[in-house]
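Step one of this worksheet: look at the structure below.
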Amino acid sequence: MQEAEPRRLGHCSVLEEVQSRTVAGVEAASSWYAYEAGEQICVRGDPATDFIFLVEGSARVLIHAASGQEIAFADVDAGGHFGELSLVDGGERSATIVAVVACITASVPRAVMLEVLRLDSGVAINLLRDFARIMRGSNDRVVDLSTKSGIQRVYDELLRMAEPSPSADGSWQIPTIPMHKEIAIWAGTTTDTVARAIGQLTNVGIVKRRHRTLHIIDRRHIEKLAQGGEAS
C-alpha cells in the first residue's frame with residue numbers, strides 16, 4: 001500500500017446523483033491509497049472503521065471457514081465500496097478484502113461519513129439500495145455453501161464462467177479456465193475436489209480441454225449435476 005493522488009468519486013454508487021457539494025466534501029475528507037494485485041486492503045478483525053470507496057480496480061471479499069478454507073464471497077468492482085457494517089455499528093472488519101488487480105481506494109473516517117448520511121438523504125438511500133443488493137447476494141451465497149456439496153459448487157462455478165462458443169454450434173466454453181486454486185476459492189472447496197469434478201466431466205465426454213480452453217459439450221448435463229444428478 002502507498003499513498004495515491006486524489007481522484008473523483010462521482011462515479012461511485014453511493015454518491016451517484018447526489019448534491020455536488022456532498023461529493024466534493026467526501027473527496028476532501030478522503031485519504032487515498034494504491035494497492036498492488038494481491039495486497040490486502042482490509043483484514044477481518046481489524047478495528048478500523050473507515051468507509052472505503054473502490055475508485056479503480058477490482059477487489060475480492062474473502063472469508064475463512066472453521067476448517068481454515070479460504071472462500072471468495074464476492075468481487076467488488078470500481079465504483080463499489082466496503083466497510084458498510086463497520087460504518088453502521090462501529091465494529092471490527094467482518095471480512096478480508098484483497099486487491100484482484102491494482103486498485104485505488106478512498107478511505108473516509110466513520111464520523112465524516114455518518115454526518116454525510118445525516119445531511120444528504122440521497123447518499124443514505126443509495127447506501128440502503130446497495131445494502132439490499134449485498135444482502136441478497138450474500139443470502140444466495142450462504143444457501144449454496146450450506147446446501148450443496150463441494151463438487152456441485154464446482155459445477156456451478158464452471159457454469160458461471162462459461163460463455164457461448166464462437167462456433168455458434170450450441171456448445172459453450174471457458175476461454176481461459178482459471179487454476180484449480182482459483183476455482184476452489186470460489187467454490188469453497190479444495191483443489192483436489194476441483195480436479196475430481198473436472199476429471200469426471202472429462203471422462204464421460206461432457207467437457208474437453210484444449211490448452212487453457214475448456215469446451216463444454218453438454219451444458220444441460222452440468223446443470224443437472226449441479227442440482228445433484230449423476231455423471232454418466
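The values are calculated or read from the model by the stated rules, or taken from the named source; none is laboratory data. Quick caveat, the model's predicted, so the values are computed rather than measured. Reconstructed Cβ throughout: ideal geometry from the backbone, glycine too, with neighbour counts over all protein chains shown. What goes into the accessible areas is simple: the full protein's heavy atoms, side chains included, and nothing from ligands, DNA or RNA. Shrake-Rupley method; radii C 1.70, N 1.55, O 1.52, S 1.80 Å.
Quick one: in the chain, what % of C-alpha pairs are over 26 Å apart? Spell out each step's value before the answer.
Numbers: 12515 of 26796 pairs.
Tail of the P(r) past 26 Å holds 47 percent of the pairs.
Distance from the Cα centre of segment 56-83 to that of segment 131-194, in angstrom?
Taking the Cα centre of each part, segment 56-83 and segment 131-194 sit 15 Å apart.
How about segment 44-110: which GluC sites (Glu not before Pro) there lie in a loop by DSSP and see at most 15 other Cβ atoms within 10 Å? Walk me through the numbers on the way to the answer.
Working: sites: GLU56, GLU70, GLU84, GLU92; in loops: GLU92.
Loop-located and lightly packed - GLU92.
For LEU114 and VAL204 in the same chain, what is the full-extension length gain: residue separation times 0.36 nm, less their Cα-Cα distance, in nm? Don't jump to the answer; show the numbers that get you there.
Values: separation 90, 0.36 × 90 = 32.40 nm, distance 5.66 nm.
So the extension gain works out to 26.7 nm.
Could you list the GluC sites (Glu not before Pro) in segment 148-232 that lie in coil according to DSSP, counting only those with at most 11 other Cβ atoms within 10 Å of their Cβ? Don't jump to the answer; show the numbers that get you there.
Numbers: sites: GLU157, GLU182, GLU223, GLU230; in loops: GLU230.
When the GluC sites (Glu not before Pro) of segment 148-232 are filtered for loop state and at most 11 Cβ neighbours within 10 Å, GLU230 remain.
Averaged per residue, what accessible area in Å² does the chain show with a 1.4 Å probe, protein chains only?
Values: 12250 Å² over 232 residues.
For the chain, the per-residue accessible area is 53 Å².
Need the full-extension length gain, ALA78 to GLN19, defined as separation in residues times 0.36 nm minus the C-alpha distance. One decimal, nm. Each step should come with its number before you reach the end.
On the way: separation 59, 0.36 × 59 = 21.24 nm, distance 2.07 nm.
Gain on stretching ALA78 to GLN19: 19.2 nm.
For the chain, with all protein chains present and a 1.4 Å probe, just round the carbon and sulfur fraction of the accessible area to a whole percent.
Values: 6380 of 12250 Å².
With neighbouring chains kept in place, the figure for the chain is 52 percent.
Kindly provide the helix-only [θ] at 222 nm of the chain, computed as the sum of -39,500 (n - 2.57) over DSSP H runs of four or more divided by all residues, to the nearest 500 deg cm²/dmol? Spell out each step's value before the answer.
Working: 8 runs with 94 residues, N = 232.
Helix-only estimate at 222 nm: -12500 deg cm²/dmol.
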